[in-house]
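Asker: Sharing a structure with you now.
The values are calculated or read from the model by the stated rules, or taken from the named source; none is laboratory data. Owing to the predicted nature of the structure, the values given are computational and were not obtained by experimental measurement. Cβ placement follows ideal geometry from the backbone for every residue including glycine, while neighbour counts extend to all protein chains displayed. Ligands, DNA and RNA are stripped out before the accessible areas are found, and what is left, the full protein with its side chains, is counted by its heavy atoms. Shrake-Rupley method; radii C 1.70, N 1.55, O 1.52, S 1.80 Å.
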Amino acid sequence: MVSKSICIPSSNISIDEMIARFSGRSAHTVRIKNKPTPEGYKILSLCDAGYTFAFFFTSRIHQHEIQKIPNLSKVGNEVYHLVSQLPKNKAFNIYMDNYFSSIRLFKYLREKN
């Protein structure tokens, strides 16, 4: 992606999920109650100051071809996939909510700096 070569993220970044509204027929859409947009395509994103640095769509029926790390959950692997796209020569503070949090993920990220 060209945007990754131009954009240099600050040291504070966040990982969150987004829903792109879609109410038609698709096997890839999800429905999450109590969300502002409860139905649509689920997107996991790595953001910095309102800008999306990296993202990928999730699906109920297709698995993504991301690196599988032993002892990490599916969500932990997805988080690591996003974080691994950050520049290697800089330290980052990564903010995420409880959905993404796990002790094993935090230990693995700490080991990888």
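Asker: With the requirement that a residue be outside any strand (DSSP E or B), under 30 Å from Lys90 (Cα atoms) and either touching a residue at least 24 places away in the same chain (Cβ under 8 Å) or open to solvent by less than 70 Å² (accessible area, probe 1.4 Å) (or both), what does segment 13-60 give you?
Answerer: Listed by number, the residues that qualify are Ala49, Thr58.
Asker: Next question. Which of the residues spanning segment 68-113 are open to solvent by 70 Å² or more (accessible area, probe 1.4 Å), touching a residue at least 60 places away in the same chain (Cβ under 8 Å) and either part of a helix (DSSP H, G or I) or not basic (Lys, Arg) (or both)?
Answerer: Of everything in segment 68-113, those that are open to solvent by 70 Å² or more (accessible area, probe 1.4 Å), touching a residue at least 60 places away in the same chain (Cβ under 8 Å) and either part of a helix (DSSP H, G or I) or not basic (Lys, Arg) (or both) turn out to be Ala91, Asn93, Tyr95, Tyr99.
Asker: State yes or no: is Glu65 out of contact with any Gly (no Cβ under 7 Å at 6 or more places or on another chain), without any contact (Cβ under 8 Å) to a residue 40 or more places away in the chain and open to solvent by less than 60 Å² (accessible area, probe 1.4 Å)?
Answerer: Judged against the criteria, Glu65 is not a match.
Asker: Among the numbered criteria (1) open to solvent by 60 Å² or more (accessible area, probe 1.4 Å); (2) small (Gly, Ala, Ser); (3) in contact with an Asp or Glu (Cβ under 8 Å, 6 or more places away or on another chain), which one does Ser10 miss?
Answerer: Result: Ser10 passes all but (1).
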